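What follows is a set of notes on a single structure, which appears directly below.
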Amino acid sequence: MTNAELNELKKRYVANGAASPATQFADRAENAVIWDADGNRIIDFAGGIGVLNIGHRHPKVVEAVKAQLDKVMHTCQTVMPYEGYVKVAEKLSQVTPVRGHAKVMLANSGAEALENAVKIARAATGKNNVICFDGGYHGRTFMTMAMNGKVAPYAGDFGSMPGNVFRAPYPVPYHGVSEDEALRGLKMTLKTDANPRDTAAIVIEPVLGEGGFYPASASFLKAIREICDEHGMLMIADEVQSGFGRTGKMFAIEHSGVEPDIITMAKSMADGMPISAIVGTDVHMDASGPNSLGGTYTGSPVSCAATLAVLEVFEEENILEKSMALGEKLGKRFAQWQKDFDCVDNGRHMGSMAALDLVSDKANHTPNADLAAALCKRAREKGLVLLSCGLYGNTIRFLMPVTIEDEILEEGLAIVEESLKELVGQPATA
């Protein structure tokens with residue numbers, strides 16, 4: 001079917017809240033390129049929102065999935081377990097930097113991972129409260145919507161959110177929130193709203209994802225660890241978007257040397273197959289009773305096979321080193337754009353988790369969300385998928401596969417540059 005025909009079906013049958021605004025439909029893909037239903041070629045700088053760190057349809061993952069389909073597709077692991085689940089648990093326990101011996105629960109999505117991390121923290125501590133941060137994003141289920149540090153578009157239409165969730169400032173010096181101010185705000189939250197004796201966990205993204213790709217400093221993360229230890233609370237690191245090599249480490253928290261009690265992960269775990277994980281210290285993971293954790297599809301055999309293949313690819317193809325190298329390339333280009341364009345500011349990257357801000361006034365860091373939306377639209381018209389994000393909607397994030405070919409990367413970056421020239425005029429230095 002053509003894009004036009006598929007769009008008619010979308011309008012007729014797909015709920016508005018779930019329908020993509022995009023008018024092109026993916027037909028096939030390979031590494032960092034997608035071809036739509038009309039045969040148009042599109043460069044992918046979104047990676048399914050950070051899901052494809054090793055690219056579309058990595059051959060090793062495709063082979064592993066096909067081989068698993070010839071054996072077992074589903075049994076529900078709580079009814080009849082299988083090798084893939086325990087092998088993934090073994091591998092994740094070995095590579096995930098949590099305190100002590102790690103145990104693992106597999107789920108289907110990032111939101112499910114966060115939901116279960118909260119359940120586990122409550123069971124382990126006997127407490128109810130959870131503290132999250134401004135700008136944070138944790139999912140679209142009711143508990144995770146309550147945990148998100150941004151209302152629109154996630155929670156505005158859905159009524160009351162669950163209670164016992166409290167908020168603290170996330171340190172973003174660029175927007176006027178220093179590390180000291182963020183810590184003062186957190187301590188005030190513990191004083192005024194979330195009594196430590198009733199608080200199970202502090203949940204933090206080491207690098208804000210949807211909130212704008214702002215990393216927390218090592219000293220801030222160490223302070224969170226110390227506060228949790230002081231009050232008998234668990235530290236939960238949400239690595240759904242920042243994990244699996246995006247920052248040049250397997251997990252972003254590793255840049256700080258801090259060991260949380262629980263880490264959640266999903267997205268690039270299985271190169272596009274649906275799976276997530278909660279990995280935590282064994283005494284916490286074992287706190288709830290038999291059959292208290294799980295779900296019909298959690299840790300499916302096919303997704304487990306894909307995850308094991310992804311972990312092999314990381315070792316065989318030096319993905320972490322490639323992530324660091326990609327980040328350096330992006331950082332250099334951002335620096336040039338900041339010189340050339342009055343609207344480009346605050347280029348940043350941790351590994352290849354890279355972003356820049358579009359502004360109307362550099363001196364005051366005034367966000368320009370309209371320009372960000374226009375840039376994404378213009379780039380799509382030119383054959384590039386580009387995403388915005390951030391609390392103010394003015395951040396352009398770059399989530400192309402780490403495995404992107406140099407010539408495809410340069411082609412995509414040239415489209416960004418051309419689009420900016422068309423939208424705001426020639427570079428300031430021209």
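Summary of computed values
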| quantity | calculated |
| --- | --- |
| Estimated D of segment 287-430 in µm² per second, where Rh is the Kirkwood radius over Cα pairs and Stokes-Einstein applies at 20 °C, 1.002 mPa s | 124 µm²/s |
| Net charge over other residues, Cβ less than 12 angstrom from the Cβ of ILE278 (K, R count +1; D, E count -1) | -3 |
| Residue-count net charge about GLY212 - beta-carbon cut-off 9 Å; Lys, Arg +1, Asp, Glu -1 | -1 |
| Calculated FRET value between THR78 and SER217, using beta carbons and R₀ = 56 Å, to 0.05 | 0.85 |
| Rounded to 5, percent antiparallel among DSSP beta bridges of the chain | 70 percent |
| Under 5 Å, built H, 5+ apart or other chain: amide partners of LEU384 | ILE43 |
| Surface share of carbon and sulfur [accessible, 1.4 angstrom probe, percent] for the chain | 51 percent |
| Long-range HN-HN contacts of THR403 with modeled amide H, under 5 Å | GLY55 |
| Listed pairs LYS103/LYS267; LYS11/LYS267; LYS87/LYS119; LYS71/LYS103 exceeding 31 Å between Cα atoms | none |
| Cα-Cα over 22 Å, subset of LYS150/LYS222; LYS339/LYS421; LYS377/LYS421 | LYS150/LYS222 |
| Shape metrics for segment 61-121, restricted to C-alpha atoms - Rg then Dmax, Å | 13.7, 38 |
| Rounded if a/c under 1.5, otherwise prolate or oblate - segment 1-159, Cα gyration tensor axes | oblate |
| Under the span-like rule (Cα at least 24 Å along the axis, Kyte-Doolittle mean at least -0.5), DSSP H helices of the chain | 406-424 |
| When the convex hull of its Cα atoms is projected in every direction, mean area for the chain (nm²) | 20.9 nm² |
| Solvent-accessible area per residue for the chain (1.4 angstrom probe, square angstrom) | 43 Å² |
| Inter-probe distance in nm under a simple model that places probes 7 Å from Cα toward Cβ, at LYS339 and LEU9 | 5.0 nm |
| Whole-number percent relative contact order across the chain, with pairs defined as alpha carbons under 8 Å at least 6 apart | 21 percent |
| Dipole of the chain, positive end: most advanced residue of SER388, LEU399, ILE224 [Cβ charges, Cα centre] | ILE224 |
| Exposed-site-free run, longest, the chain (rule: GluC sites (Glu not before Pro); DSSP loop; at most 15 other C-beta within 10 Å) | 1-316 |
| GNM flexibility winner over the chain from CYS343, CYS389, CYS76 (Cα, springs under 10 Å) | CYS76 |
| For SER256, net neighbour charge (Lys/Arg +1, Asp/Glu -1) across residues whose Cβ lies under 11 Å away | +1 |
| Unit charges on C-beta of K, R, D, E only; dipole of segment 260-370, Debye | 280 debye |
| Inter-centroid distance (Cα atoms) of segment 27-48 relative to segment 59-102, Å | 28 Å |
| Within the chain, helix-based [θ] at 222 nm, where runs of 4 or more DSSP H residues each add -39,500 (n - 2.57), nearest 500 | -12000 deg cm²/dmol |
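The values are calculated or read from the model by the stated rules, or taken from the named source; none is laboratory data. Here the structure is a predicted model, which is why all the values come from computation and not from measurement. Every residue, glycine among them, receives a Cβ derived from its backbone with ideal geometry; neighbour counts consider all protein chains shown. The protein model used for the area step is the full one, side chains on, heavy atoms only, and it has no ligands, DNA or RNA in it. Shrake-Rupley method; radii C 1.70, N 1.55, O 1.52, S 1.80 Å.
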